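No value in this document is a laboratory result; all are computed from the given coordinates. For clarity, every value in this text was computed on a predicted model and none was experimentally measured. Note: ideal-geometry Cβ built from the backbone for every residue, glycine included; neighbour counts use all protein chains shown.
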Amino acid sequence: MNFNKKLAVALSGALMLMAGSSVQADSTTDIVDALVMKGVLTEEEGRLITKGHTSKAEKTPVMKEKDKNFTIESANGENSISLTGRVHFDGRAYDYSRADNSNAAASSIGADTFDIRRARIGLKYKFGKYYSGEISANTVGTSQDVLDVGYLDVAWFEKAKFRLGQFKMPFSLEQLTSSNNIDFIERSFLDSFIPAKERGLQVFGEPVPGTTYALAFSNGTTATGSNVTGAEADNRVDNKDIIGRATINFAELMKNKEAVLHLGGAFSAGDSPIGTGFGTFRTEARGATYFTQPVIATTNTADKTLDRRRFNMEFAAASGPYKIQTQYVTVDHEFEVPTSASAATPMDAKVKTYYLEGLWTLTGEKHADRYKAGAFGGIKPNQEFDTSTMSGGAWEVGARLSGMDATDFNNSSLGTVVTNAISTAATGFLKAKAYTVGIKFVPNMNTRFMLDFVNTQFESPFQATSLTVNGRSVSHENAVLFRTQFMF
């Protein structure tokens, strides 16, 4: 080794020993790199000198901000964690009249109220190169629903990722759009009859840009009737639900980034204990329950299994600030209707639901900017609202027609209480339609203000029965809904 190289090694080594801060370590490493580039040191000699002197900056986590949400990320970018949360504060007012007489039973149906619709706190996380996920908890509601979602994604294969835990099932475009980003304050009738958040596992991916697929296996509806939580609780029915969805965005296939032309289809098949899988017949405004399913006793010899198959077709088209979206879902129930303690009649009853909606972003934000991986995200204003000039923010108006048809349940056996067979008869209306108009203001990505008017019409009373609220027989419901929403 010549004198110049010996001097370079000695000086650079001395500098590394004296480096007491990340800045000094970085400077010394730069000097060694320069000596290697000039040929004074070999690469191996340079590595030996800098070995064990990693810059502190290379180890220090980094705080990043995106859409006013903060993420702590490791220096190498492979690990991160961010806090998430949402609060939806609602006001609801209905047009139900007071009781005809003071002896009418008190009713909470249609009571004007302020409500914390959702309040959740959670974490999104990523660790290593292939693992990520989310966990969030409800802070309102019943104790059994504390866990909202909790899952792990394993991305060993780019085109076939795995998800395990409790998460949204791959079935409905409306459900897969976060409650933070849905087009109206509440989802349509359709959402009461589909798989939502369940426990299971899933494989999913994007085979080519513009297409998605997902296939999941879940516990399905639990014995308590909840579509959210709980392990399977009935060993008489041990089959899992199988749920699948596939979508294609023709606009993306054609390299058109200004539009969306979405077509999707989904299915689910499985079974559950009788009485747990019919759905929830409640108005979109969270008012009246317009149809009550029959309660079938468990003391008879009939088959206690409900076989259920669900099919979904969905379509969305968007160009610039305009969007139309529609879905049609059928739910086919096969079960036995007991006619006595020892006899039963097989029944095949379908529930058909749909919605059709149109939206216009008055301030020009493009719906194509919200679309990703087969679902829509939130509106990002072109300019955030500025209180000093009272300008900016995004404004959007929309209208929706939705409906539900359960006339297949028009079977006299379901409306008659039979000892040891049907303990509670079905009552109410077998059809309903809802008309919704709404306006929303989005000052920034973290805040929304929404106002909706919902008119619901009830049709086809079952067994000549009707819906009674506050002692009055009703055939419709009008509601005004307001939401103030904050999320991060």
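Numbers at a glance
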read-out: Per-residue Cβ neighbour rank within 10 angstrom, fewest leading, LYS366, LYS161; value: LYS161, LYS366
read-out: Lys, Arg +1 and Asp, Glu -1 on Cβ, resulting dipole of the stretch 267-410 about Cα centre, debye, nearest 20; value: 200 debye
read-out: Listed residue pairs exceeding 20 Å between alpha carbons, taken from LYS366/LYS440; LYS323/LYS352; LYS197/LYS323; LYS168/LYS440; LYS64/LYS255; value: LYS323/LYS352; LYS197/LYS323; LYS168/LYS440; LYS64/LYS255
read-out: Estimated inter-spin distance, THR465 and SER340, nm [label 7 Å along Cα→Cβ]; value: 2.4 nm
read-out: Per principal axis, descending, Cα span of the stretch 356-485 in whole Å; value: 68, 37, 23
read-out: Label point distance in nm, ALA75-LEU123, each placed 7 Å from Cα along Cα→Cβ; value: 2.3 nm
read-out: Around GLU284: net Lys/Arg minus Asp/Glu count, Cβ-Cβ under 11 Å; value: +1
read-out: Dimensionless Rg ratio for the stretch 134-224, taking C-alpha atoms and the 2.2 N^0.38 Å reference; value: 1.16
